[in-house]
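The values are calculated or read from the model by the stated rules, or taken from the named source; none is laboratory data. Bear in mind the structure is a predicted one, so any value in this text is a computation, not a measurement. With ideal geometry, Cβ positions are generated from the backbone for all residues, glycine too; neighbour counts draw on all protein chains shown. Each accessible area value is taken on the protein alone, full model and side chains, heavy atoms only, with ligands, DNA and RNA left out. Shrake-Rupley method; radii C 1.70, N 1.55, O 1.52, S 1.80 Å.
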Amino acid sequence: RDNLVGGISLSASTNLTVSNSPLSGPAVFGTGTLGGQGTVNLIGASFARVSDNIIDHVGGPYGIALIRGDHNQVVRNVVDGGYRGDVVGSATPGDDGIILTGESNDTIEGNTLSNVFDAGIESVWDVSNTTIANNVIANAATAGIASYYCTAWNNNTVTGNTVSGNGAFMRIQYDIPTGVVCPTQ
């Protein structure tokens, strides 16, 4: 349980389940967003389910990262990013509880996400036909639900979520950071 090196990283997988696992320690660090930087990474996954896990003290940017996949479910997980109001030395807290990058037809439901430096749930690039429902988000410094970079939100449903703390409930904007080329939508 403690100091699990590498977390879980699955690439181009179909119909898989990651459940009932206590995970902590450093994240898997890949090359950029598409390499996966979460304690749990699903890269190019379809019809995957991440459920009932406890991810404690995220050691990298994300608790759960879904990247360029579809029809995935992230349900009833507990993610604590370890953010307590400041960033000290090498003890960098989790940036986001869950991040979706170029995903479609996903369900993010019933998760408890807390103590993250940025957003409880963040999306990047095109995220479409996705439901974000009944999640409890506490102490997300910027927003409970957010999307900033190369944003394209299409036909998403956000309902029944609870956000508490200093951040906004939801922040959706379009931004292209200097030197970044957004993928073709």
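Just a few scattered comments:
- Hey, ILE98 farther than 14 Å from GLY63 by Cβ, open to solvent by less than 20 Å² (accessible area, probe 1.4 Å), at pLDDT 95 or above and not in a loop (DSSP other than H, G, I, E, B) or not: no
- So VAL79, is it in a strand (DSSP E or B), β-branched (Val, Ile, Thr), free of Cβ contacts under 8 Å to residues at least 60 places away in the same chain and farther than 26 Å from SER13 by Cβ: no
- Some residue of segment 102-113 being assigned to a strand (DSSP E or B), modelled with pLDDT of 95 or more, surrounded by 20 or more Cβ atoms within 10 Å (Cβ to Cβ) and out of contact with any Leu (no Cβ under 9 Å at 6 or more places or on another chain): yes
- Taken over segment 118-139, the criterion of being open to solvent by 20 Å² or more (accessible area, probe 1.4 Å) and assigned to a strand (DSSP E or B) is satisfied by ASP126, THR131, VAL136, ALA138, ASN139.
- Of the residues making up segment 51-81, those that are under 13 Å from the mean Cα position of the chain (by Cα), closer than 21 Å to ASP126 by Cα and buried (at least 22 other Cβ atoms within 10 Å of the Cβ) are PRO61, TYR62, GLY63, ILE64, ALA65, LEU66, ILE67, ASN72, VAL74.
- Selection within segment 140-159 - of a type in the set (Gly, Ala, Ser) and either modelled with pLDDT under 85 or open to solvent by less than 30 Å² (accessible area, probe 1.4 Å) (or both): ALA140, ALA143, GLY144, ALA146, SER147, ALA152
- Count of segment 160-185 residues which are open to solvent by 70 Å² or more (accessible area, probe 1.4 Å), part of a strand (DSSP E or B) and among the polar types (S, T, N, Q): 1
- ASP86 vs. criteria open to solvent by 30 Å² or more (accessible area, probe 1.4 Å), modelled with pLDDT under 95, more than 23 Å from ILE176 (Cβ to Cβ) and not hydroxyl-bearing (Ser, Thr, Tyr): yes
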